[in-house]
Each structure stands twice: as structure tokens, then as C-alpha cells.
Amino acid sequence: AAMVQKYQSPVRVYKHPFELIMAAYERRFPTCPLIPMFVASDTVNEYKSEDEAIHVIERRCKLDIDAPRLLKKIAGVDYVYFVQKNSLNRRERTLHIEAYNETFSNRVIINEHCSYTVHPDNEDWTCFEQSASLDIKSFFGFESTVEKIAMKQYTSNIKKGKEIIEYYLKQLEEEGITFVPRWTPPVACKSESSTCHPRRPVSPAINIPESATKEGLSNKEILNTSSSPSEPTAGTPDDKLDADYIKRYLGDLTPMQESCLIRLRQWLQETHKGKIPKDEHILRFLRARDFNIDKAREILCQSLTWRKQHQVDYILDTWNPPQVLQDYYAGGWHHHDKDGRPLYVLRLGQMDTKGLVRALGEEALLRYVLSINEEGLRRCEENTKVFGRPISSWTCLVDLEGLNMRHLWRPGVKALLRIIEVVEANYPETLGRLLILRAPRVFPVLWTLVSPFIDDNTRKKFLIYAGNDYQGPGGLLDYIDKEIIPDFLGGECMCEVPEGGLVPKSLYRTAEELENEDIKLWTETIYQSASVFKGAPHEVLIQIVDASSVITWDFDVCKGDIVFNIFHSKRAPQPPKKDSLGAHSITSPGGNNVQLIDKVWQLGRDYSMVESPLICKEGESVQGSHVTRWPGFYILQWKFHSMPACATTNLPRVDDVLASLQVSSHKCKVMYYTEVIGSEDFRGSMTSLESSHSGFSQLSAATTSSSQSHSSSMISR
């Protein structure tokens, strides 16, 4: 099976002009003592433009790869040859480097691209970026070994790249070279002034930096002050992460971890509409899945859909917790631990979970816990600024003094498990440490109920103390400063956390009352979820009585790629037969999946397509509307989008066969919501909908159905 590994670096900034960096870079050739594996290089091709602005040089580099002797013996080579093509443009002040392997090029494909460019905000600084891909087709059965060796060599050289440039800069400085003049166009000679006019190609790019530096000055100041982390990265959607920022705000990442973060972030910027999470939050999802980019992307997309549906981004600003919670929920934020992490104190033993659930329902409780987590994210950001180092998680101190059988009330435990599940899914890697104090005899029972729901990574962070053990060696003092140990734990610090206590029965509400609350939106949200399989689309019927109504839809593609269609039919489809669904449910574990279009119906005779099909990729949000022209039955359809077969060969590839065996790869998930709005309720936007397509409909006056159905569908790309 072919494996493709990709790498994308952050931007590395050298606070030196481009020309000086080039002088340092040139010293790497023909050989470089700092890179022992770089044995030799020969120039194969060279081109210089007349005005010397352009210099292209192609070298063949000889590498002595640090690989086991046995592998070299099997491969039958001692050295590996690469071709490296450097294109220097002195006028634009850029160097582009392309490299690929010549040895084993039919078995292994390595491509690398590097660039040195001028810093957009400071023309005396230079930016460096590199990206690469490694595709191992076959290697005598040693594919994974070769992959490991290649990745190891590559990542160690990434680290070296910076040291090498700095080494040669220092060498230049010792020789008294601290300035290299910029390229200037040669002056035209009088006699041949007509032919010799190299001034013309001077691109207007030269003028741009001057205007840019005027505004750029403020940017430069921002870049140099670390007080505000949002500025250096806030910017154009294709903004880049730079290496210093990562170190300061996100921590020490390996090159491959940086690469995963940059690629996932780029993917979000290209496909996700709506609020893009902060870098540190994207990083949490990557950490939760050991930097497996596909797995991390899946859980992150689910979480973003969830945030959007439940308006989680607005919880802190718009939601006021009911008074009962403020009085009886025995938890609150309390300073920070010795590592600078925000500290949350929860006096679970003093809390009447049963009373809270009966008075509020699970939903308000869950919403409250979410607001605590949102506040936690905010505090981590705050502490990162204050302590001058990345802080991405908090510490939780849970005091179980008072825990009794009452806490094992089933609905209460169920509520707790559900809360843990939601928090685990949407706030991964936020718990730095959990200190459980004064665990009583019933604790193991509670622990057995709860622990299966807790992620292994998270469980490693639990420290459990029985009785007064927390006061002894290895106890609380190892993690929290003496000055802030709360009074109820024998410390000197007045702790503002509510004491809890029993919720008066007079505040209890009946199940019906809780059901009718608008909070219900939480559990059964207005969105419905559907599963789509290969050969089994999901279809929704909408009956229209009044010709010019508007059908609107809003859906998120949670998993897989789908095609969205809308059809019209004069006659009603047969209701789906029970048994056909039952038979299908074997292959479709769980999931709402309905087919309405009869197999014998023909497109164009029994029903017609009123919109062009829309292909929607995983992670996209789609909103759209369709102005109906006729009464009758409209069918919205979400269909599995099958990839075209492998173009190069007709034989099935092993990967394709394997993929077809995994049912999961043939299952897509959609969360959708549809509504019909009467034309009178559309408040004048009917005209705006039509006008948005007016140019189109004049061209093809009512020839195609799509220009007649003035639809507007918006897709987030």
C-alpha cells in the first residue's frame, strides 16, 4: 500500500536582510561540514539573465543516508542522489528551491519546496518556509522501515537548517561582512539605448514595500510585543504561523506536530464557514488523537457542528445561570496551581446532585458545566499572557467530603456521565490534573460507574487521596501554593465557592415542566441527523400547496462527501415500507435513513430535478433556499458521493478493495434542518432572490428549469 507523508513548516523569521541570508546560504555548497550526510554536489545546469537579476542553478547532490547496512546492501546503493534546483530572483528578492530524488525514483517519490522571501512587514527581515511530500510506492518489503528512516532524517535536518544559516551568518560577521547591497538594474549605455533597456522589467513590486512599510511599522511593533497573542496571527485568511509564535503561545512542538497543526488549520480556513477555533484549541484536538490529522479533523468537525447548533460560542455572553445553580452548585474558579494552570474547585460531596437535577433538569446542568469549560478556555489564554509561557489546560480539585449513597442516585449518575461525555468530546486535553480529595468508602462504587467513560489520556492525570492523606507528603502542597489552599481544606485562603447543601423540595419541578422548557432544544435540537449509504440516499418529503413558497435548508456534512439534490413530483411518493427499512438496517447500524423515490420512477417522467446537484465535502455547512414554482411534492435528497475509480489502471487497487469492505467508508452523516416559508412571510426577499439570478434568467429565458427556480444556495468553501 502506498503511504504519502506530507510536511508543512511554520514560517521561520530571520531578522536579517534577504541578501545577507543568501550570502550565508551560498556557503553550504559544494559541501557543508555541518551536514555530514551531504557528501558532495555538482552543478548540472546554470542560467544567468543578462542583468544578473535571475540566477538559476541546478545541482546533483550526493547524500550518505544514515541507514542500517543491511538495508543499503539489499537496495544495492551506498549513496542517494537528489536533484536540487535553485531559482534566485534578486529583483523580487526571492529564492525558490525545488528538490527531488533521482535514486529509486520509481519506488520512492520525494518532493521538497523551500522558499526564502522578504518579510511582509519588514523589508530587512527574511522569511523561510518549506514543505515536502514522501510517497513510498514499494521498497523490497521494507516500506515502513524506509518511511521511518526518511522521516527521522528529514525532521532532524529541519532542526539543523536554522543552525546552519546562523552558523554562516556568524562566520560572515567574523569576516566583517554584515551588509550585502541589494541588486540594482544595470545603467543603460548611450550608444545602444534603444536595444539595451533593462530598466523596463523593474517590476512595480519595488514600490510596494515602501507603502507597505508605512503601515507595516505598526505591525512590526505588534510582532515585537508579546503582550497580545491574537495580533501576529490575525490577518488574511492565508496567514501563516511563525515558529517564534508557536514556541511562545503553543509550546515546544516537533516539526511533524507543527506540520499537522498548520495543515489542519489551513484545511479549516479553506472549508469551514463560521468561527475558526483558536490555534491552541485546534492543537488540543490533535493531541487528543496523537496528531493523527484525519482522526483529529473528524472529532474537531463534529465539535464545531455541535458548537454551532448549541450556540456555545455565545454561552458566556448571553446565558445567565438560574439562581438555584448560583446558590447550590458547589464549584468555582480559585486562583491557579503551581504550574500557572487555572484552578477549579468542586465540592462534590457537599452538592445535592439529585436536587439540582430535579429542580433544573439535566440540560441546565449541562449548560452550566459548558459555561465553566468556556470560562476555563478563556482563563488559559489569560494565564498564557500573564506567565509568559503556553498554558492550555486547567487543574480541577474535587473534594468528596460528604459523598454518600445519595450521590449514586441513578438519574444523577446518568446526568454526570452524559456531562462527562460531552466535555470529553468538545474540550479534549483541557484537564491538566485532577486532584480527588477525601475519597470516602462509597467512592470506588462511583468510580467503577464513571471511569469507563473517561479517556485513557485523561485518566492518567487523576490523583486520588483518601481521608486526610492530602495533607501528607506528596499531597496538595506539591501542586498548589500554601497561600491559596482553601479554608475548608485546612488552608488560610478564604474560598468563594458556594457551600452547596440540599436543594429545597419546593424548588423541584415535575418532569412535564422540565420537558416544556425551551432548554429542550438542547437534547432534541431542531437539527435531525441522517445516515447516507452507498446505494441508499436519505430523502425528505415536503408538500407544497401554495405555488410560490420558499423551501429553506441548513445542513452540516459530518462525515463523508455527499451530493445534494432537490426534485419535484406531481404525485405523492408511496410511504416507505416497514420491511424494506428493516432489511436495510442490518447494514445501517443506527441512523435515520429513508428512501421515498420509487425504484420504478423515471427522472423526467415521474419527477424532475429543479436544482443542479450540489457536491458537498466533509465538514462543510450548506444553507440554501428554493422558490417553488408549482404546488406538489418536493423531495430533498442527500446521496453518497462516490469517488471516480482509479484513473491510471482498470484493475482494482488493494486500497480500494479494502475500503469497499469497510462499511464505515460507505456511510456518510448529515445533520439537517428544513423549513417551508410562505411567500408572504419571506418579507420582500423573494424579489432579492429573483434578482440575484436575473442576469442568468434573461440569457436563457425560461429554457432550463434551474433558471426558473430562482434558487440561491450558499456553500461554505
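Heavy-atom accessible area for Glu92, with the other protein chains in place and a 1.4 Å probe, reaches approximately 80 Å². Over all other residues within a Cβ to Cβ distance under 14 Å of Val108, the charged ones net out to -2, with Lys and Arg as +1 and Asp and Glu as -1.
Given +1 on the Cβ of Lys and Arg, -1 on the Cβ of Asp and Glu, and no further charges, what dipole in debye does the range 243-310 carry about its Cα centre, rounded to the nearest 20?
On the way: 14 positive and 9 negative charges, 67 e Å.
Around 320 debye, computed over the range 243-310.
If you plug the beta carbon distance of Arg182 and Val39 into 1/(1 + (r/R0)^6) with R0 = 25 Å, you get a FRET efficiency near 0.15. In plain terms, the chain from Glu163 to Ala466 could stretch by 103.9 nm, reckoned as 0.36 nm per residue minus the Cα-Cα distance.
Approximating the spin labels as points 7 Å out from Cα along Cα→Cβ, the Gln602-to-Arg107 distance works out to 5.8 nm. Only lysine pairs 8 or more places apart or on separate chains count here, and in the range 322-506 those with Cα atoms under 30 Å apart total 16. Farthest towards the positive end of the charge dipole of the range 49-152, among the residues Ile149, Asn101, Ala75, is the Cα of Ala75, using unit charges on the Cβ of Lys, Arg, Asp and Glu. Between Ser548 and Asp317, the simple spin-label model (points 7 angstrom out along Cα→Cβ) gives 3.7 nm. For Asp294 and Val413, the difference between the fully extended length at 0.36 nm per residue and the C-alpha to C-alpha distance is 39.5 nm. Annotation: amide H of Val610 within the under-5 Å range of Ile566, Phe567, His568, sequence separation 5 or more or interchain, hydrogens built in the peptide plane.
Here's how it looks for Ala536: its modeled amide H is under 5 Å from those of Phe640, which are all 5 or more places away or on a different chain.
Aspartates and glutamates near Lys639 by alpha-carbon distance under 18 Å, same-chain residues fewer than 8 away left out - which ones? By straight Cα distance, Lys639 reaches Glu539, Asp554, Asp556, Asp561, Asp598, Glu611, Glu618, Glu620. Note on Ser608: accessible area approximately 40 square angstrom, rounded to 10, probe 1.4 Å, nucleic acids and ligands left out. Pairs of Lys residues in the range 232-320 that lie 8 or more places apart, or on two chains, and have C-alpha atoms under 19 angstrom apart add up to 8. Using a probe of 1.4 Å, the accessible surface attributed to Thr184 totals some 100 Å² when neighbouring protein chains are kept in position.
With all protein chains in place and ligands, DNA and RNA left out, the 1.4 Å accessible area ranks Asp64, Asp252 as Asp252, Asp64, largest first.
When you count the other C-beta atoms within 10 angstrom of each residue and take the mean per peptide, 281-294, 352-365 line up highest first as 352-365, 281-294. In the full protein context, the range 288-351 carries 45 Å² of accessible surface per residue, based on a 1.4 Å probe and ignoring ligands, DNA and RNA. Within the range 103-125, find all residues whose amide N lies under 13 Å from a label point positioned 7 Å from the Cα of Ser138 along Cα-to-beta-carbon. Residues 106-108 fall inside that zone. Here's how it looks for Phe462: its modeled amide H is under 5 Å from those of Leu434, which are all 5 or more places away or on a different chain.
The values are calculated or read from the model by the stated rules, or taken from the named source; none is laboratory data. Remember, it's a predicted structure, so these values are computed and weren't measured experimentally. Reconstructed Cβ throughout: ideal geometry from the backbone, glycine too, with neighbour counts over all protein chains shown. For the accessible areas, the whole protein counts, side chains as well, though only heavy atoms, and no ligand, DNA or RNA atoms are used. Shrake-Rupley method; radii C 1.70, N 1.55, O 1.52, S 1.80 Å.
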